[in-house]
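The structure under discussion appears below in the form of structure tokens.
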Amino acid sequence: MKRRQLIKNLGLGGVALVATPTVLSLLQSCKADGPVFEPVFINNSQGKALRHIVDLIIPSDEAIPGAVDVGAHKFIDMYWNEVTPLEDQAQIKAGFDALANRLQDATGKTFEDAEAEDYDKLLAKYLNASKEQEEVFNKSLGEYYQAYQRDKTVKVDPDAGAFSLLQNVRGMTIWGWKQSEEIGENVLAYEPIPGQQIGCLPVEEATGGKAYSL
């Protein structure tokens, strides 16, 4: 199955987001990407990193806009700023510190001078990790969260922190891309007024193989 078709059939990508009026209003305010991304929660260099990562997760092609084209990176930054609890905001920033550490070790570069291919190496390492490696990362994260409750100055293991942040960003990117107006109405199966429910109908016959946007 081609990558683009696989993305069409994805669900929420494992991220626990609910389409509340507040979240949808944030999403609707994030239209096509402009010449400059000015984040409101993360700093500018972290914003450059986020934009590269989001673009790599769902790139554009000749037929379908990518995640950056529909403003998914802007939505993520605004969601973190306006919806995410303060303690979770601290964890996100710790994740960016961890990612910067791993980027420096892997490429010798910072968020300011890294390019898409540099982030692609990190995505390959953390988003394609084996089940055994994921268990190691999650065990380290669990130990970190327990220690953090006792001491707010404790630092997350850089590998576990980078893994956690990239998992978060991937899920939010997929969700934001699917829920955007452009993708929801023009790429996925769009039916704002549900009709008759027909059970056991093959997806290919019902929607041409597309997931529903609503």
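Out of all the residues in the range 113-136, which are assigned to a helix (DSSP H, G or I) and closer than 17 Å to Ala100 by Cα?
Correct list: Ala116, Glu117, Asp118, Tyr119, Asp120, Lys121, Leu122, Leu123, Ala124, Lys125, Tyr126.
Would you point out which residue out of Ala211, Ala206, Ala189, Ala116 is modelled with pLDDT of 95 or more and among the aliphatic types (A, V, I, L, M)?
Result of the check over Ala211, Ala206, Ala189, Ala116: Ala116.
Specify the residue that is surrounded by the most Cβ atoms within 10 Å (Cβ to Cβ); the eligible residues are those in the range 129-171 that are of a type in the set (S, T, N, Q) and closer than 22 Å to Ser45 by Cα.
Ser164
What helices (runs of 4 or more DSSP H) lie completely within the range 1-94 and have 3 or more residues being modelled with pLDDT under 95?
3-8, 21-28, 72-82
If I ask for residues that are under 21 Å from Asn44 (Cα atoms), charged (D, E, K, R) and surrounded by fewer than 21 Cβ atoms within 10 Å (Cβ to Cβ), which ones from the range 54-80 would you list?
Asp55, Asp69
Against the definition (at pLDDT below 95, part of a helix (DSSP H, G or I), basic (Lys, Arg) and out of contact with any strand residue (DSSP E or B) (no Cβ under 7 Å at 6 or more places or on another chain)), how does Lys152 come out, yes or no?
no
Please count how many residues of the range 86-128 are open to solvent by 40 Å² or more (accessible area, probe 1.4 Å) and either under 15 Å from Leu166 (Cβ atoms) or under 17 Å from the mean Cα position of the chain (by Cα) (or both).
So the count comes out to 11.
Return the pairs, sorted by first residue and then second, in which the second residue is open to solvent by 80 Å² or more (accessible area, probe 1.4 Å) and in a helix (DSSP H, G or I), the first residue lies in the range 34-54 and is within 15 Å of Tyr79 (Cα to Cα) and of a type in the set (Asp, Glu), the beta carbons are less than 8 Å apart, and the residues are 6+ apart or on different chains.
Qualifying pairs under 8 Å: Glu38/Asn44.
The values are calculated or read from the model by the stated rules, or taken from the named source; none is laboratory data. These numbers come from a predicted model, not from an experiment. Reconstructed Cβ throughout: ideal geometry from the backbone, glycine too, with neighbour counts over all protein chains shown. All accessible areas refer to the heavy atoms of the entire protein, side chains included, with ligands and DNA or RNA removed. Shrake-Rupley method; radii C 1.70, N 1.55, O 1.52, S 1.80 Å.
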